[in-house]
Amino acid sequence: FQKTEAPRPPGAKDLHAYPWDKSSLKSMPVDLQQFKKLDDYALKVNVKNSVEELVKALLKQARTDLEKVRAIWMWICHHIEYDVVGYHNKSQLSSKPRDVLQMGKSICEGYAELFEHMCSLAGIQCKKLSGHAKGHGYKTGQTFTGDSDHAWNAVYLEGRWHLLDSTWGSGSVDDSFTKFTYRYNEFYFLTHPALFINNHFPDNSNWQLLKPTLTLKEFENNMLLSSNFYMLGLLAAHPETPIIQTVNGKASVSVDCRLGMLFMFKLKGTDEHGLMTLKKHGMKLDIYPQKTGSHKLEIFAKPSKAEASDDTYRCVVEYVVECESVDKAMRFPKDLHQPVGPSWFSERQGFLRPSHREPVLHTNDGRCSLTFTLGKDISVLTSLHTDGSSLAEDMGRRHVLQTRRGNQIELKVHLPHAGSFVLKIYSKKRSDPGNYDYIFNYLIRCLNTEVKWPAFPQSYSKWLQDYEILEPLSGLLPANRNVRFKLKMHGIAKVLVQAENTHPLTQNKGCWEGTCNTSGCREVFVMVHENANHSFYSHVLKYEVETQ
């Protein structure tokens, strides 16, 4: 072993600009693929009798200083566990490297001393640092007083100082602080100082390795973004302060990312009181708490093309929302699903060029119409939902009328009454036999209490997707009246409307037209002859008739 000289204090060439320039997560270029063999080797080294023997074994595969530090880091992160019992009873605890190695567990102090000692045996300058950390038990917006509560290291590589935290690299402790779980975290190896300051504040501010350095007050007020936030490639969260006040019952948050991330949120454990929209480069969220007071807001993210192994949402940022007044008008229907409105996700599922890009549609007369261009071979299903029992499931389907014209689809919505409604849109490949998948939804609002639209007529399986009802659109016909029918249908020989009597429709420029009298019947059916030689009729539509 070579003797290392005393570490020099950090100087101008060690400093990084603050705030983070969004370039790299690390303070020097590191190719993790190239470490693969070394990492695997270091994990398998099984020497417990002395620190010297352990370092000797680890260095067999390490040539450069960077590789030596990496081997030591990997070994400690996978072989030393956090001592949750010792943490509660520090007087019995030794942080001496020999004891830490023998016990196989320690608290941050022991991790940092073992790291420093192993580096010095390997001839690498390393320093144990102490300070305040936003770690276990940290509460958003809290202040730090008194003695430091955490320890980590600085290592000297390629002429500069770099930061790492092997305690946080090794895993995490549960909420009750009784159980440690190994979960390796690459983020805390040579972390970029402008990101490390996010949750590590050294007693000696020179060891921030930042220009300018932050004050303790700034550290306390800064947003805590988790390592997941950066590891998932997210770039920024707004607002940049952890405590948000609502204005007129509303608070807004947004997250920026590079591409195609999926998000979800929880306000006090539920996502009912917000409106989240997915953007190409992030998400936007409006929160409307329905109670006053302080509420915890958590935001989660996952990559959209996640490997099956990593298909979980991870918490990336937390806020506290302080609500002084409640906006009761912004209660959302229980069936509303986040995110709301069209996005790159619905586009990827084949719903292109939406006529309405916003998540909320306002209608004064209770009617609205949405159009999309559809990708190939897509079959669409829609339903309308609202709180309360005014819309049973089958009726929820019948308040939306779907019309296909080539690759265009139009969805006409007629609301049964005023209020807030959710329009859900499902799809499947036409060639797939299976079920429809939920894709996205809109919120539709109508304040006009006069509104009372009946459902559209009921259609049967022989009613094809590109048939079109021009009139009557209402599924409820007036009694004792002559009603005009005009239907666009192709590839059939004959159309009849059956009320008390049967009324044939005549073909005119691709439309079947005619009138039918509704007296003396409760239901009216539209039937088609698919072939002039058949005597067999198929039902395609059913209307109800008003009772007098």
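The values are calculated or read from the model by the stated rules, or taken from the named source; none is laboratory data. Bear in mind that the values here come from a model prediction, so they are computed numbers and not experimental data. So basically every Cβ, Gly included, is an ideal-geometry build from the backbone, and we count neighbours across all protein chains shown. SASA here: full protein model, heavy atoms, side chains in, ligands and nucleic acids out. Shrake-Rupley method; radii C 1.70, N 1.55, O 1.52, S 1.80 Å.
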Check your understanding: What is the calculated FRET efficiency for Q34 to E530, with r their C-beta to C-beta distance and R₀ = 60 Å, to the nearest 0.05?
Key -> 0.30
Review point. Suppose R0 equals 25 Å; then what is the FRET efficiency for V247 and S390 from their Cβ-Cβ distance, rounded to the nearest 0.05?
Key: 0.15
Practice item. For segment 310-329 and segment 333-389, compute the distance between their C-alpha centroids and round to whole Å. Key: 24
Point to revise | Rounded to whole Hz, the Karplus (6.51, -1.76, 1.60) HN-Hα couplings of segment 499-505, x for glycine and proline | key: 10, 5, 10, 9, 10, x, 9
Review point. Of the beta bridges DSSP finds with both residues in the chain, what % are antiparallel, to the nearest 5?
Key: 90
Point to revise | With every protein chain in place, segment 231-323: carbon and sulfur % of accessible area (1.4 Å) | key: 53
Practice item. Mind giving me the nanometre distance, one decimal, between the label points for L352 and E324, set 7 Å out from Cα along Cα→Cβ? Key: 4.9
Check your understanding: Among all helices in the chain defined by DSSP H, which have a length of 15 Å or more along the axis from Cα atoms plus a Kyte-Doolittle mean of at least 0.5?
Key -> none
Practice item. Express in nm, to one decimal, how much length is gained between T449 and T373 on full extension, taking 0.36 nm for each residue of separation and deducting their alpha carbon distance. Key: 24.1 nm
Review point. Taking +1 at the Cβ of each Lys and Arg and -1 at the Cβ of each Asp and Glu, which of V30, V247, H281 sits farthest along the dipole of the chain towards its positive end, judged by Cα position relative to the Cα centre?
Key: H281
Review point. Can you pull the percent of segment 32-217's accessible area that's carbon plus sulfur, 1.4 Å probe, other chains left in place?
Key: 48
Review point. Dipole of the chain (Lys/Arg Cβ +1, Asp/Glu Cβ -1, origin at the Cα centre): which of Y138, Y543, T292 lies farthest to the positive side?
Key: Y543
Review point. Roughly how many nanometres apart are two label points built 7 Å out from the Cα toward the Cβ at H362 and R63?
Key: 6.9
Review point. Taking the Cα centre of segment 122-268 as the origin, how large is its charge dipole in debye, to the nearest 20, when only Lys and Arg (+1) and Asp and Glu (-1) carry charge on their Cβ atoms?
Key: 240
Review point. So which aspartates and glutamates can K428 reach, going by Cα to Cα under 19 Å and dropping same-chain residues fewer than 8 places off?
Key: E347, D377, E410, D437, D466
Check your understanding: Which value, in debye to the nearest 20, gives the size of the charge dipole of the chain about its Cα centre, when Lys and Arg are +1 and Asp and Glu are -1 at the Cβ?
Key -> 1120
Review point. Along the charge dipole of the chain, Cβ charges K/R +1 and D/E -1, which of L190, I439, F219 sits furthest on the positive end?
Key: I439
Point to revise | C-alpha center-to-center spacing [segment 403-474, segment 224-274] in angstrom | key: 33
**Study point:** segment 390-466 - Rg over Rh from alpha carbon coordinates, Kirkwood radius
**Key:** 0.98
Review point. Given labels modelled 7 Å from the Cα in the Cβ direction, how far is it in nm from H281 to E5?
Key: 4.7
Review point. What ranking, highest mean first, results for peptides 189-199, 209-219, 438-448 when packing means the other Cβ atoms within 10 Å averaged over each residue?
Key: 189-199, 438-448, 209-219
Revision key, fill the gap. Computed over the chain, the relative contact order (Cα-Cα under 8 Å, seq sep at least six) in percent reads 8
Check your understanding: Tell me, in nm to one decimal, what length is gained between D147 and W344 on full extension, where the rule is 0.36 nm per residue of separation less the Cα-Cα distance?
Key -> 66.0 nm
Check your understanding: HN-Hα J couplings of segment 528-535 from phi, Karplus 6.51/-1.76/1.60, θ = phi - 60°, integer Hz, Gly and Pro as x?
Key -> 10, 9, 6, 9, 4, 7, 7, 9
Exercise for review: Pull up the cross-link candidates among the aspartates and glutamates for K37, meaning alpha carbon to alpha carbon under 15 Å and not fewer than 8 places away within one chain.
Suggested key: E67
**Study point:** Rg/Rh (Cα only; Kirkwood hydrodynamic radius) as it applies to the chain
**Key:** 1.16
